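*Asks:* Here you go, one structure.
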Amino acid sequence: MDQKLPISAYLIIGLMLFSLFFGGGNLIFPAYLGQLSGTHVWIAVAGFLVTGVGLPLLAIIAIGISGVDNVQPLAARVHPIYGVIYTLLLYLTIGPFFALPRTGTVSYEIGIAPFIGGDNQTIKLLIYTILFFGISLWLSLNPSKIVERIGKILSPLMLLFIAFIIIMSFVNPLGAQTMPQEGYDTAAFVNGFLQGYNTLDALGALAFGILIINAVKLYGQKSKKAIFTSVLKSGIIGVSLLALVYIFVAYIGSTSVTALGLADNGAPILSGASKHYMGQLGQIMLAFIIIIACLTTSVGLTSACAAYFYKLVPKFSYKTYAIVFTIFSVSVANVGLSNLITFSTPVLLFLYPITIVLILLVLADSIFKGRRIVYVCTMISTLIMSFVEGIHGFGISLGGLDQILSSYVPLYNVSMGWLTFALIGFISGCIIARMTAENPAEGTEISLTGETEM
């Protein structure tokens, strides 16, 4: 029988959820969003919260009600091979391709660059990332309670620091909100929605959601209904904290252009605001907090990615994967933060639509009785438009095809035409499902060694 959880349990799990998602990268994107949106900041933040807060919560709930312990069986409901390919892309994205290198570049831009400005930034970044990822690798290969304990101390400390800056931004604003930049003057909500992709939290939620589920189970929740209820209540606490940080950091960004100038990313905004309100001591405090936060995140990502790849292809050791991912991350990190964000855009424009659709299908699974054809039709339709959006992310025009799709596909002009295609695929799949006697989709896991797991 399920035990009734006390309010304190919901608070603990909610704070755990917040800590799981919150890091240096979660500060730079809302700050930059604020600068770009200016007087339209609240509309832009509303869109940002959908993908940066709401979607990660839905992802964790989807993991909870599905009863699986990782994302691969969920994606395998489309097809087992698709499950492997999708999960590989997900772990590479939150790992060595983007999120893992970003921990190094964000911590450098906020924690180091403001104090060692001048020439030879390329060499300085290289030296820093070698040291940063070297420490991360050492901690990943020598598991201990140090990282966990630091995380428990760091999250409240970071919240207090950010809360102080937020209060000061209302008492003594950096300046007046400026006019929105191009794109945010007419489509602030949509651009905020797309900017929320950069947090990578929806992808991370699918990879790490089982941690929250296990925490709920430790409190005696066993049935799917109890797990769903507990995750929902705890999740509301966690994402509410995350949402508050996003909202007010975006506000700081919206008032910062006059005082700090228009930045290439959110790192100089946070550093500049800290210095403005607390002097160099504020900059130093922010630098320390961000570097440690990014280091703990780096350890977690390295460990998770190495563990997954070791499970998928056990021919190579966990240590080998950790070393390879670390070396690769150093290389990628040295393209710089702004370039790294730019390079990630096409991948996220491709990966996020199919991720959103997968989450929604899992949540709606009982409605169409888990029929595989619904998963297949919906995902194929979404993939078509995801490929198109990924191509657009590279700045490539499709010429006449763009004109045709723009004329007939709703929301195509704002990079959300995949919604229409997904709906068409879903309806088609449901119609076919009613006309056939197909069995429900089962989450089957396969490894590259040829083994099949249920």
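Any read-out appearing in this document is the output of simple, stated calculations on the displayed coordinates, not a laboratory observation. All figures in this text were calculated on a predicted structure; none of them were measured in a lab. Here the Cβ is made from the backbone with ideal geometry for all residues, glycine too, and neighbour counts use every protein chain on show.
*Asks:* Just name one of Leu27, Val78, Gly336: the one whose Cα is farthest towards the positive end of the charge dipole of the chain (beta-carbon charges, Lys/Arg +1, Asp/Glu -1).
*Replies:* It is Val78, whose Cα lies furthest towards the positive end.
*Asks:* A further question follows. I'd like the FRET efficiency for Lys217 and Leu160, computed as 1/(1 + (r/R0)^6) with the beta carbon distance as r and R0 of 30 Å, rounded to 0.05.
*Replies:* So, using R0 = 30 Å, E works out to roughly 0.45.
*Asks:* Could I ask something else about it? Do any of Lys224/Lys369; Lys217/Lys369; Lys225/Lys369 go past 20 Å between their Cα atoms, and which?
*Replies:* Lys217/Lys369
*Asks:* So, one more: Which of Arg371, Arg102 comes first, and how do the rest follow, when ranked by fewest Cβ neighbours within 10 Å?
*Replies:* Listed from fewest to most nearby Cβ atoms, that is Arg371, Arg102.
*Asks:* For a quick protection proxy, order the peptides 69-76, 243-250 by their average other-Cβ count within 10 Å, most packed first.
*Replies:* Numbers: 69-76: 23.9, 243-250: 21.6.
Ranking the peptides 69-76, 243-250 by packing returns 69-76, 243-250.
*Asks:* Return the whole-Å distance between the Cα centroid of segment 32-55 and the Cα centroid of segment 64-129.
*Replies:* Using only Cα atoms to place each centre, the spacing works out to 22 Å.
*Asks:* Which FRET efficiency, nearest 0.05, do Ala176 and Ile404 yield, Cβ-Cβ r, R0 25 Å?
*Replies:* Calculated transfer efficiency: 0.05.
*Asks:* Under the rule of at least 5 residues apart or a separate chain, name every residue whose amide H is placed under 5 Å from the amide H of Arg371.
*Replies:* Long-range HN contacts for Arg371: Ala441.
*Asks:* Need one number: nm distance between label points at Ser366 and Asp264, each 7 Å from Cα along Cα→Cβ, rounded to one decimal.
*Replies:* Going by the 7 Å Cα→Cβ label model, 5.1 nm.
*Asks:* Full-extension gain between Ser240 and Ile432, please, as 0.36 nm times their residue separation minus the C-alpha to C-alpha distance.
*Replies:* Between Ser240 and Ile432, full extension yields an extra 65.1 nm.
*Asks:* Sticking with this one: Checking a compactness column here: for the chain, what do you get for Rg(Cα) / (2.2 N^0.38 Å), N being the number of residues? Show your work: numbers first, answer last.
*Replies:* Values: Rg = 21.9 Å, N = 454, 2.2 N^0.38 = 22.5 Å.
In units of the globular-protein estimate, the chain measures up at 0.97.
*Asks:* Another question, if that's okay. Give me the angle, in degrees from 0 to 90, between the Cα long axis of helix 25-37 and the longest principal axis of the Cα atoms of the chain, rounded to the nearest 10.
*Replies:* With both axes taken from Cα atoms, the answer is about 80 degrees.
*Asks:* Given the Cα-Cα distance of Ser317 and Ile127 and 0.36 nm per residue of separation, how much length would full extension add, in nm?
*Replies:* That works out to 65.7 nm of additional length.
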